[in-house]
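Dumping the structure here so I can ask a few things about it.
The values are calculated or read from the model by the stated rules, or taken from the named source; none is laboratory data. These numbers come from a predicted model, not from an experiment. Ideal geometry is used to build each Cβ from the backbone, glycine not excepted, and the neighbour counts take in all protein chains shown. To get the accessible areas, we keep the full protein, side chains included, count just its heavy atoms, and leave off ligands, DNA and RNA. Shrake-Rupley method; radii C 1.70, N 1.55, O 1.52, S 1.80 Å.
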Amino acid sequence: MKTIQLLGEIIEISNSNLEINSRMQAILNIISHRMEFEEVLVFKLDKDKRLTCSYANEKSRLYPIVNKYRCHIGEGVIGTVAQKRVPQYFNHNDIPPRFGCIFFNELDDVMYNYRSFAFIPVSDDSFLYGVLVVISRSMEGIKDNDKILLAIIAREIGGLLKTNDLLINSKKRISELVTLSELGKILTTNLEPQTILKNTVFTIAKALNAVFASINIDWPIPKMECHRFVYGNLNGSLAEIVEDCEKQAIQQKKTITYEYYNDNNDLQVKKIYSLYSSPILTKNKAIGVLTIGFLKPGKNFYQNEDMLYITTTITNYIANGLENILLSTKLKEVIKELNETQKRVIEQEKFKSLGEMMANIAHEIKNPLVVIGGFTKRLAKKVNLSQTENRYANIIVSEVARLESILNDVLNYVKEPPPILDECNINACIEDILYLFTSDGSWEGIKITKDLDPSLPLILCDVQQMKQVFINMILNSFEAMNGKGEITIQTKNIADDENHPQIMISISDTGGGIDPTIIENIFNPFFTTKEKGTGLGLAISNKIVKNIGGRIEIENIVGKGVTFKIYLPVNKNKNNGEV
Amino acid sequence: MKNKKILIVDDEENIRILFKEELEDEGYAVDLASNGFEAIEKVKNNSYDLVVLDIKIPGIDGIQTLNEIKKINTNQPVILCSAYGEFRQDFSSWASDAYVVKSADTKELKQTIAKILTQNG
């Protein structure tokens, strides 16, 4: 009856929701009281396969003696019981000194106090969790009944330890999963990389109860001024140590751990830090390092090997996310830059050419200059000026002359660069231009049809000038259609006339055609129907085409559209190959 | 050379005044127009020995104005005058008699006027 009651109490405690240490202590106390053993100890098998005296009854006197050394499996009586999983019983005559383990040297002084000893493996069907040790001062040998009872209790303790191991493991797993899922959320947000990295270190530090978490990024991120992101306190000598750890982690390409004893002189506190540095690797290249620091003894339930594993897992996890973020940031930047460049190019092309713009400015500046210079001259001539005043007037006149001459030089320079004649593939030239236009959003409503003759021979011309001509024509068509319509571009080899072989490039639109009353003026310089036009586009295009011996024809169908036909001569002597 | 009548067409008032005074000093009678339409009207109703015509003028442009003037009087001497030198070499294809780049120094303009007036008696 007593035995059943005892077992019932033990099972009740073991099933309660007290903390593991309290449950173990309570169970061991009950064994001690009810079965009259002065010492009840449990040596627990650790992850590194050593036996540590982890639990003892309240009044145990041996606990402080035997918990200083961790036995190996097979070492001494405790190690042998663990290895063979068979209980061993001794009385004071046959107990090996120091339980067969030389490191329990303090036992020598107290062994004579005890009469009988039982060492029982704590295990279930498959695993060993430790060894239960009970010692009595008074009993002469362990009774058979007690042996059976202790075996049952050891099994119950085994179950308890097993459940606890599972619980801790699942807690660890859950905590890992939560951390990783939090990180996943952060890494897939659409925020700036800086913000993402700040959130990442915050989450890691919070999830792992770390005193600090730091990510040092070694990767070019546009617009990012700082490369280290820290949550928590990281300064002074600790910062230097962290940098050392980072270097090592990158060199070894694996997670490293380091214990750092910090004598803080100000606070007279000695702090021990465990640091874990893990390289953030993508394609076997470190793009940064994650370092996590803990104070020892810490609040987290992770062991050293757990931390190595978790740090590595986390860095693997953030490496992917980070790589995507960095790449997408870079991509965004590049796209932005590309868009800006494209806009700029189109803007410039809309001005048709720098020369045109300059000509326009020159025209605007030149009139007032002519007026200033002209009237100053007249002033000097009409009024009877003193010598000094005359000198002033002359200075104005000569400075105006200088400005005029600068203006002319600039115009000559930008407007008429000597054409660079070369064999030019007109089809390729047109493709280039179309690519430029069609990648502009405002061209969405424009359908472009190409009919490029593959037998087009190369044409001797200045490719930049020819591009300017085509751009002019295509932009005119575009502007005539108010964002909606069709542009047809055709090239054709007209080899009919053997003496004058030529090619034709036609550009048609559906912009409703040109008012017949103005059509003969469209090549005049400064003639324009556009609000912001310079009136130079077609005039200059016409000049460029004429300069290489070509001509431009217009087919105008009012209400429908215009076709510009550009005829260019084929240089017979030079041209053999087809495009 | 004296009493020759010249029409100056330019949209800038100060340029018109400058050229008028400069040419009057040379002894010419000077009339003014500020755009193509006005110039065409004046050529229709008056007889000028010479027209000095700016290319970039509002309304109808200089080349159109030139064509209209030549329609009224094929032999009407016209000098194209522009701040812009780019089209200097094209002036003959536009049936003008000369092309002068505008300058504070009116020497070239005066010389060209004198030359054309001499050629045309």
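Of A:107, A:51, A:62, A:41, which residue is assigned by TED's automatic domain parsing to the domain that holds residue A:124, under 26 Å from residue A:30 (Cα atoms), of a type outside the set (Lys, Arg) and in contact with a Ser or Thr (Cβ under 9 Å, 6 or more places away or on another chain)?
A:41
Report the residue count in the range B:24-66 for those that are modelled with pLDDT of 90 or more, open to solvent by less than 60 Å² (accessible area, probe 1.4 Å), within 17 Å of residue B:10 (Cα to Cα) and not charged (D, E, K, R).
Of the residues in the range B:24-66, 17 are modelled with pLDDT of 90 or more, open to solvent by less than 60 Å² (accessible area, probe 1.4 Å), within 17 Å of residue B:10 (Cα to Cα) and not charged (D, E, K, R).
Of the conditions (1) more than 26 Å from residue A:144 (Cα to Cα); (2) in contact with a His (Cβ under 7 Å, 6 or more places away or on another chain), residue A:79 clears all except one; give me its number.
(1)
If residue B:81 passes every condition in (1) outside any helix (DSSP H, G or I); (2) within 12 Å of chain A (Cβ to nearest Cβ); (3) open to solvent by 10 Å² or more (accessible area, probe 1.4 Å) but one, which one does it miss?
Evaluating residue B:81 over (1) outside any helix (DSSP H, G or I); (2) within 12 Å of chain A (Cβ to nearest Cβ); (3) open to solvent by 10 Å² or more (accessible area, probe 1.4 Å) leaves (3) as the failure.
Look at the range B:1-26 and say how many of its residues are within 14 Å of chain A (Cβ to nearest Cβ) and under 23 Å from residue B:47 (Cβ atoms).
12
So, in the range A:96-116, how many residues would count as being touching a residue at least 24 places away in the same chain (Cβ under 8 Å) and in a loop (DSSP other than H, G, I, E, B)?
6
In the same structural domain as residue A:550 (by TED's automatic domain parsing), charged (D, E, K, R), at pLDDT 90 or above and assigned to a loop (DSSP other than H, G, I, E, B): is that true of residue A:453 in this structure?
yes
Further question: Return the residue satisfying two criteria in turn: it lies in the range A:534-555 and is β-branched (Val, Ile, Thr) and outside any strand (DSSP E or B), and of such residues it is most open to solvent (accessible area, probe 1.4 Å).
A:548
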